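What follows is a single structure, written as structure tokens, with notes after it.
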Amino acid sequence: MEIVVQQGDITKVEVDAIVNAANRSLLGGGGVDGAIHSAGGPDILAATKQLRATTVPDGLATGDAVATTAGKLPARWVIHTVGPVYAKTIDRRDQLISAYRRSLEVADELGAKSVAFPTISAGVYGWPHDDAVAVAVETVRSMADQVAVERVIFVPFSEEMKARYDAQLAD
Ligand code: ADP
């Protein structure tokens, strides 16, 4: 598996699947979720509403992932995952690891060869940036031999986050 970093807007990345840092409702939010729905158009929300009406009536569990159409985005699928809200006194790192693992498993099941990830939980959910990037890189690396995904693209939004990925990947 090849792992690369490409700073910018994940909605513009040409890839088989892009991962969305969604919330449990799957019905839209701010941050990267808002950007994905706004650039991808209404088909994505129609698909997540359909999932709520069928397979995930109570919303998606934290650490799990599901796929929908990518609408107008230059990708085939959006894989919606839910990262944990950071809490100082509760260790939710396993849930963050799970969000990456489940996203890659879903990508693998779909037959996606290339997958783009935002930094899950690193925005509104408040995860410390250094650890958010460490979990992202460590978890994807640990799964490299377990999935047929050939290329993972980490898509940091800021220069600050890009530098963190570069440092983490150089280790
Ligand atoms: P969460 O609720 O999981 O914290 P956010 O969407 O608030 O999710 O933030 C996750 C990360 O995605 C943050 O680092 C944020 O800067 C970044 N982000 C926001 N918009 C985009 C975008 N269009 N492309 C890539 N990353 C984005």
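Brief remarks follow.
- Of all residues in the stretch 33-60, those satisfying the criterion of being away from the ligand (no atom under 15 Å from the Cβ) and among the β-branched types (V, I, T) are T48, T54, T55, V56.
- Failed criterion for V115 (all others in (1) surrounded by fewer than 18 Cβ atoms within 10 Å (Cβ to Cβ); (2) away from the ligand (no atom under 12 Å from the Cβ); (3) of a type in the set (A, V, I, L, M, F, W, C) hold): (1)
- Residue in the stretch 39-61 that is surrounded by 14 or more Cβ atoms within 10 Å (Cβ to Cβ), in contact with a Pro (Cβ under 7 Å, 6 or more places away or on another chain) and under 21 Å from V140 (Cβ atoms) present: no
- Within the stretch 142-155, one or more residues are over 13 Å from V19 (Cβ atoms), away from the ligand (no atom under 14 Å from the Cβ), in contact with a Lys or Arg (Cβ under 6 Å, 6 or more places away or on another chain) and modelled with pLDDT of 95 or more.
- The stretch 1-12, subset surrounded by fewer than 20 Cβ atoms within 10 Å (Cβ to Cβ) and β-branched (V, I, T), residue nearest to the ligand (Cβ to nearest atom): V5
- Residue count for the stretch 107-165, restricted to those that are among the aliphatic types (A, V, I, L, M) and not in a loop (DSSP other than H, G, I, E, B): 15.
- Some residue of the stretch 61-80 being among the polar types (S, T, N, Q) and away from the ligand (no atom under 12 Å from the Cβ): yes
- Only one of R141, R76, R164 that is among the charged types (D, E, K, R), touching a residue at least 24 places away in the same chain (Cβ under 8 Å) and crowded, with 20+ Cβ neighbours inside 10 Å: R164
- Looking only at residues in the stretch 13-24 that are assigned to a loop (DSSP other than H, G, I, E, B) and either within 12 Å of the ligand (Cβ to nearest atom) or of a type in the set (A, V, I, L, M) (or both), the one that is surrounded by the most Cβ atoms within 10 Å (Cβ to Cβ) is N23.
- Hey, V152 in contact with a strand residue (DSSP E or B) (Cβ under 6 Å, 6 or more places away or on another chain) and farther than 16 Å from D33 by Cα or not: yes
- Of the set (1) of a type in the set (F, W, Y); (2) under 18 Å from G8 (Cα atoms); (3) not in a loop (DSSP other than H, G, I, E, B), all apply to Y100 but (2).
- Listed by first and then second residue, the pairs linking a residue in the stretch 34-52 that is of a type in the set (D, E) to a residue that is at pLDDT 95 or above, with Cβ atoms under 7 Å apart and 6 or more places separating them unless they lie on different chains, are D43/T69; D43/G71.
- Which numbered condition G59 misses (of (1) of a type outside the set (S, T, N, Q); (2) without any contact (Cβ under 8 Å) to a residue 60 or more places away in the chain; (3) within 16 Å of A112 (Cβ to Cβ)): (3)
The values are calculated or read from the model by the stated rules, or taken from the named source; none is laboratory data. Everything quoted here is computed from the prediction, not taken from an experiment. As a convention, Cβ positions derive from the backbone with ideal geometry for all residues, glycine included, and neighbour counts pool all protein chains shown.
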